[in-house]
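Trainee: Sharing a structure, written as structure tokens. Questions coming.
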Amino acid sequence: MASPPQEVTYHQPEQVLIPFDPALRRKRHLPSCIFCGQTQSMQTFKGKPICLTCLQRILNLFPY
């Protein structure tokens, strides 16, 4: 015989169990270029990551 359905009310805490999986590791954040998203050959300009390719393109736009 099935038990009667329980009434769920708002703000009723639920228990959620998540098994530990060692394959799920925290990945390190790699800074990426704010213009193209590349993650290699990075420089920082005023706290923002910019790849060398985009930096060179910017410098070519404003020759001195």
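Trainee: If the Cβ limit is 8 Å and pairs must be 6+ apart or interchain, which residue in segment 43-62 that is of a type in the set (A, V, I, L, M) pairs with which residue that is part of a strand (DSSP E or B) and exposed (fewer than 10 other Cβ atoms within 10 Å of the Cβ)?
Mentor: Final answer for the pair search is Ile50/Thr44.
Trainee: Next question. Just to check your reading of the model, which residue among Cys54, Cys36 is under 27 Å from the mean Cα position of the chain (by Cα), at pLDDT 90 or above, of a type outside the set (A, V, I, L, M) and not in a loop (DSSP other than H, G, I, E, B)?
Mentor: Just one listed residue meets the conditions, Cys54.
The values are calculated or read from the model by the stated rules, or taken from the named source; none is laboratory data. The structure presented is a predicted model; accordingly, all values stated were derived computationally and were not measured. Note that each Cβ is placed from the backbone with ideal geometry, even for glycine, and that neighbours are counted across all protein chains shown.
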